[in-house]
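The values are calculated or read from the model by the stated rules, or taken from the named source; none is laboratory data. Please read all numbers here as calculations on a predicted model, not as lab measurements. Here the Cβ is made from the backbone with ideal geometry for all residues, glycine too, and neighbour counts use every protein chain on show.
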Amino acid sequence: MDMKSDDPAWLEVSLLVNGELAEPVASLLSEHLSEGVVMEGVGGGSLIDGQTSSPLVKVYGYIPNDARVQARKQEIKRGLWHLSQIEDLPEPAFRTIEAEDWRTAWQKNYRPIPIGNRLMVVPSWMSAPDQGRETISMSPGMAFGSGTHPTTQLSLLIIEDVLSGERGIPSSMIDIGCGSGILSIAAVKLGLPYVLALDNDPKAVQVTRSNLLENKIQDRVDVHQGSVPEILRGEFKLQKAPLVCANIIASVLQQLIREDLTECVSTGGTLILSGMLEGQTPEILALLENTGFETISRRQDGDWVALQAGKKR
């Protein structure tokens, strides 16, 4: 975005929350912040460099400081109040940022992120370092999937494991709750022929399509609004796939499993689940075992856990 001298100042909206609440808060804010949302670890670690996670996460984004700013602030406060009835939340902080500082405020914490042995997530305004890696070009102004959050990084690591394994590259993948499309993009960059990417949020569908174009792989990924029930009703090209992934908060993962998420995985196929905290993992594991899955691998970053499970029957 090019800023002109007559552009309005911007209002930064931020909350400091624990890791479990970061994604629900980011999802809510993304409904009101058209330029996207960032999650950034503070205090105990960093979500930017991929080395450690943090017990506290700053969730923030920007709205134009124009005639609708007060209405937007009230909408955000109202939405956060409803969320606080489930779990205590701090009050949001609002800070004015002048137009000329807006781009710097977005970009100061972003740099290329190497993940695993083969991937590199690169902010869309930067050139990729020449390191022999597959480049995923992303705009970090997204609620999910800019590559900085441990749940995304853990998912990418397991996708790389699967696609580099002895069984070779599967024919297709279903990406449920695709967010920014980063997992779909990574899978295609690593050689997977076809992905069905789904999200219930129409904005996420739009963002994913934009990122597919940015990475020039739009012909290998179909993106639609929907989730597990629509898959099982046969509304899309695939009803099953040898690889299925879902990087969503634990409560939604549990709901999806109860909605027969596991039926979307071909016999002998692989399911990748991420978005759960360590204390939430046993219940997920129990649900998987009850539906005929066995754990193949488990990756962890701080309190965040991702699972790779295989379908036995």
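List of remarks:
- Of the candidates Thr267, Thr208, the single residue that is in a strand (DSSP E or B), at pLDDT below 95 and among the polar types (S, T, N, Q) is Thr267.
- Some residue of region 181-198 being exposed (fewer than 15 other Cβ atoms within 10 Å of the Cβ) and assigned to a strand (DSSP E or B): no
Conditions tested, residue by residue: (1) touching a residue at least 60 places away in the same chain (Cβ under 8 Å); (2) surrounded by fewer than 18 Cβ atoms within 10 Å (Cβ to Cβ).
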residue: Asn215; (1), (2): yes, no
residue: Gly226; (1), (2): no, yes
residue: Ile231; (1), (2): no, no
residue: Leu238; (1), (2): yes, no
residue: Pro242; (1), (2): yes, no
residue: Cys245; (1), (2): yes, no
residue: Leu253; (1), (2): no, no
residue: Ile257; (1), (2): no, no
residue: Thr267; (1), (2): no, yes
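- The selection criterion, being within 18 Å of Asp175 (Cβ to Cβ) and assigned to a helix (DSSP H, G or I), does not hold for Val223.
- Taking region 134-150 as the range and being at pLDDT 85 or above and either within 26 Å of Ala250 (Cβ to Cβ) or in a loop (DSSP other than H, G, I, E, B) (or both) as the test, only Ile136 passes.
- The strands (runs of 3 or more DSSP E) found wholly in region 28-101 and carrying at least 3 residues that are at pLDDT below 75 and surrounded by 14 or more Cβ atoms within 10 Å (Cβ to Cβ) occupy 37-42.
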